[in-house]
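> One structure, pasted below without further comment.
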Amino acid sequence: MSALSTPRYLLYRLRLESPLIISRRQGDPNSAGTHPYIAGSAIRGVVAQRLLSGGVRAEDDEFLQLVLSGRVRYLNAYPEIEGARSMPVPLSWRVMKDAPERGWDLVYFPAGETAATEDSTESSWPQEQLQSPFGSFVCPGMVSGLWVAATPEVAVRIHHQRDRARGRAWKDQNDTAHGAIYTYEFLEPDQVFHGVIQLMPGAENWETRLRELFASPIVLGRSRRAGYGGDAQVEFLSILTREYAAASALLDRDLHEGERFRILLVSPAIVRHPQTGQIDPAAIDEEIRRVIGRPIAIERRRWAFETAGGFNQKWGLELPQACAVRAGSVLVVKAYEPIPRDKLFELEHEGIGERRTEGFGRLVLLEYDVEEGKTILLARSTRPRSNGAVRTELDPESRRLLDLLEQRIVLEAAETELRRAAWRLAEEAENIPANSLLGRIRTLLREGHDRQKAASALSELRTWVQEWRSSQKRAGEQLRACRWDGKSLLEWLNDLLVAEGGALWQALERSVGERAQLRAVSQRRYLRSPQTAQSILENHAALLCTAFLDEFMGALTHKNRGR
């Protein structure tokens, strides 16, 4: 491939100065989830909006060339890690549970597959307990022998549309809603992303015009009138010859017959079957063969799938949803004939599948090195939130108010989850104790109005439970007869109440199990950090536990009465 026919990649840095929502597919109509990156479709929308607001018509040649022709492609903007544009963590990576900084690339272990290769055997499969690595993005090049990973900071905010008369959202007898509560997930401001604009051969003369169109500030994402996506600063950095020119183990040579290489998808890929014309992720093999034009075999796959869609704000229409191969998927390809370097570069430059103008179907070609690829060492990113960002300290009164606000939000979210878990537990329980015994326990629990009284009530209830376990009193017999999941209510109470202090919250999580998303509370409902939210939960564990047990006993009482 000659220099004249090689695409150019315009690398830019984008710094968020306000919260940003890049909508992803989600089931709840009263909520909005965000991608952890800035999608190429949003960048393309910025160009279209700037052109139309500047007097360019949709049928003009400038609009057709920059937005619709496919000669200018807007690739996803990923978080900056170690000063470079990161890429999705390969789905083949796994780390040890007890040592998450060390792991393996499972693409080199063909266990469970019929096509075992001569350079890797099933007997070498790691025997440790493995899990997915921390972080969703990784620096493309190793730093001091380590892969540096990170995850963008995402927060959640609740918006309340109230009924003006009642001051809250409610439903009438006809189930008609008056007001609503919306939950918005967003990328926090003061974060830096690196994006790329790919100029295909013949589109180089649009470079200057693109730099003009990205004059700061730019607006992105949805709900801009509500304070999201209203201000982002863009700075163009350099021009690259490949999308990830500094990636480790980058393939940059001719392939000989019998050699292998890896394909890493760095964005989702939407592929159609060449015969049926239907969306078919499995047709990715045929798509790669078509572009390379040489006989190859996909020997190994470590992949996953997702649903790709979108929304066209100009038309007010949803885009068609399609099943796509997820970014981070890894394929091992074997060449049955020599493949020249230019053909491999053509595959990387062109990409595969549909919607390539919006950044879909991007991939990177990597070497296949068994010895160097089996073991991986990871480190968490220590990158600053943004270049030159200054964070001011709050005055004591503002900090106190922030503490109170965060405490209220976190505790309300925890109480909601515990209330849901209490009723689900009551549904599973059989042989429920008499309402008189349940009422006696609830009377004790309702004395826990604050943390000190709640701890005292739990201590008294712990004494009761120990006495019932060691005697043959009727109360103990009733609690033993009440069971679910092969466990009695008496033993369940004992396991919960035996913990005190900070361990009580962990005991409460174990007792609830999967009936509520308690672990997600500190991750989704914090104002400062997940650690501060977790400390709030642990410090108020006694208060939350008494409220949970009171709700649970009340649910059992309702079930006794046939409600």
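The values are calculated or read from the model by the stated rules, or taken from the named source; none is laboratory data. These figures come from a predicted structure and were not determined experimentally. Note: ideal-geometry Cβ built from the backbone for every residue, glycine included; neighbour counts use all protein chains shown.
> Return the only residue of Arg400, Arg419, Arg385, Arg380 being basic (Lys, Arg) and at pLDDT 85 or above.
Result of the check over Arg400, Arg419, Arg385, Arg380: Arg419.
> Here's another thing I want to ask about it. Of all residues being surrounded by fewer than 19 Cβ atoms within 10 Å (Cβ to Cβ) and free of Cβ contacts under 8 Å to residues at least 40 places away in the same chain in region 477-491, which is farthest from Leu405 (Cα to Cα)? Just the residue, please.
Once the filter is applied, the top-ranked residue is Glu477.
> Check Ala414, Ala429 and return the single one that is under 17 Å from Thr183 (Cβ atoms), among the aliphatic types (A, V, I, L, M), modelled with pLDDT of 85 or more and not assigned by TED's automatic domain parsing to the domain that holds Ile181. It would help to see each step written out before you state the result.
Numbers: Ala429 fails: under 17 Å from Thr183 (Cβ atoms).
Only one candidate passes the filter, namely Ala414.
> If you don't mind, another one. Could you tell me whether region 435-456 includes any residue that is of a type in the set (A, V, I, L, M), surrounded by 14 or more Cβ atoms within 10 Å (Cβ to Cβ) and in contact with a Lys or Arg (Cβ under 8 Å, 6 or more places away or on another chain)?
So the first thing to find is which residues in region 435-456 are of a type in the set (A, V, I, L, M), and the list is 437-438, 441, 444-445, 454-455.
Add one more test, that the residue is surrounded by 14 or more Cβ atoms within 10 Å (Cβ to Cβ), and what stays is 437-438, 441, 444-445, 454-455.
From what is left, the residues that are in contact with a Lys or Arg (Cβ under 8 Å, 6 or more places away or on another chain) are none.
Within region 435-456, not a single residue is of a type in the set (A, V, I, L, M), surrounded by 14 or more Cβ atoms within 10 Å (Cβ to Cβ) and in contact with a Lys or Arg (Cβ under 8 Å, 6 or more places away or on another chain).
> Assess whether Ser456 counts as being modelled with pLDDT under 85 and hydroxyl-bearing (Ser, Thr, Tyr). It would help to see each step written out before you state the result.
Details: modelled with pLDDT under 85: no; hydroxyl-bearing (Ser, Thr, Tyr): yes.
No.
> Being touching a Lys or Arg at 6+ places or on another chain (Cβ under 8 Å) and either crowded, with 18+ Cβ neighbours inside 10 Å or under 29 Å from Leu68 (Cβ atoms) (or both): is that true of Val330 here?
Working: touching a Lys or Arg at 6+ places or on another chain (Cβ under 8 Å): yes; either crowded, with 18+ Cβ neighbours inside 10 Å or under 29 Å from Leu68 (Cβ atoms) (or both): yes.
Judged against the criteria, Val330 is a match.
> Same structure, new question: Which one is nearest to Leu14 (Cα to Cα) among residues in region 168-221 that are among the polar types (S, T, N, Q) and exposed (fewer than 13 other Cβ atoms within 10 Å of the Cβ)? Lay out the reasoning, then the answer.
Narrowing region 168-221 to residues among the polar types (S, T, N, Q): 173-174, 176, 183, 191, 198, 205, 208, 216.
Restricting the remaining residues to those that are exposed (fewer than 13 other Cβ atoms within 10 Å of the Cβ) gives 173-174, 176, 205, 208, 216.
Values: Gln173: 49, Asn174: 48, Thr176: 43, Asn205: 23, Thr208: 18, Ser216: 10 Å.
Checking each candidate, the answer is Ser216.
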